[in-house]
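Everything on this sheet refers to the single structure shown next.
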Amino acid sequence: MKREALRVEPISSFLDRRNAPVSPVTRAGNMIFVSGLPPFDPETGEIVQMPIERQSEIVMEQMKLCLEAAGASLDNVMKCNVYCTSTRHFAVFNAVYARYFPADPPARIFVCTPEWFGPFDVEIDCIAMI
């Protein structure tokens, strides 16, 4: 089964500016894989400091956009991996996450990572099936 790398605008352009060797989403058969992405400012593509609630909203919206580009939706998500700089952000992230998955949420893990390459605190990737 061949992997198909999909462009998702404006995310793909934001990644191109940084010479990031990553596709925002790939698809093979009925499986979809969404990359973990930093919370790009939706207007400028910059990565700037902002409250964890806003960062969480942005990464969830980016994930949703990537899923849609691959022909899926949040309802198709089987597993999410959340990477965050601190357990102090757990409750705020969960409140945002619950708005996107209000019933029967997918399997998930929340992992703390000690540092990033930019001024942000959260990334999320997922696997979906259509």
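For this structure, a couple of remarks:
- Gain on full stretching of the segment that runs from ASN19 to GLU4 - 0.36 nm per residue minus C-alpha separation: 3.4 nm
- Probe 1.4 Å, accessible area per residue of the chain, Å²: 53 Å²
- If both residues of a DSSP beta bridge must be in the chain, then about 75% of such bridges are antiparallel.
- Based on DSSP H segments of at least four residues, each scored -39500 (n - 2.57), the chain has a per-residue ellipticity at 222 nm of -8500 deg cm²/dmol.
- The GNM of the chain, with springs linking C-alpha atoms under 10 angstrom apart, assigns the highest mean-square fluctuation among CYS80, CYS112, CYS66 to CYS112.
- Rounded FRET efficiency, nearest 0.05, which uses the C-beta distance separating VAL48 from VAL111 and R0 of 22 Å: 0.40
- For the stretch 19-86, with +1 on Lys and Arg beta carbons and -1 on Asp and Glu, the positive-most of GLN62, VAL48, VAL22 along the dipole: VAL22
- Shape call, the stretch 1-57: gyration tensor on alpha carbons, a/c limit 1.5: prolate
- Measuring nothing but protein heavy atoms, the accessible surface of the stretch 19-68 at 1.4 Å probe radius is 50 percent carbon and sulfur.
- Take every Cα pair under 8 Å whose residues are at least 6 apart in sequence, average their separation, divide by the length of the stretch 28-118, and the relative contact order is 29 percent.
- Prolate/oblate/rounded call for the stretch 1-99, Cα gyration tensor, a/c under 1.5 rounded: oblate
- ARG108 long-range amide H proximity, modeled H, under 5 Å: CYS80
- Theoretical gain in end-to-end length, ILE130 to PHE90 [0.36 nm per residue, Cα-Cα removed]: 11.5 nm
- Most mobile listed residue (ILE11, ILE109, ILE47) in the chain, GNM with C-alpha springs under 10 Å: ILE109
- For LEU65, net neighbour charge (Lys/Arg +1, Asp/Glu -1) across residues whose Cβ lies under 13 Å away: -2
- Environment charge at LEU74 (Cβ cut-off 10 Å; Lys +1, Arg +1, Asp -1, Glu -1): -1
- For the set MET31, MET50, the ranking by accessible area, highest first and with no ligand, DNA or RNA atoms included, is MET31, MET50 under a 1.4 Å probe.
The values are calculated or read from the model by the stated rules, or taken from the named source; none is laboratory data. Because the structure is predicted, anything quoted here is derived from the model rather than measured. Cβ: placed from backbone, ideal geometry, glycine included. Neighbour counts: every protein chain shown. What goes into the accessible areas is simple: the full protein's heavy atoms, side chains included, and nothing from ligands, DNA or RNA. Shrake-Rupley method; radii C 1.70, N 1.55, O 1.52, S 1.80 Å.
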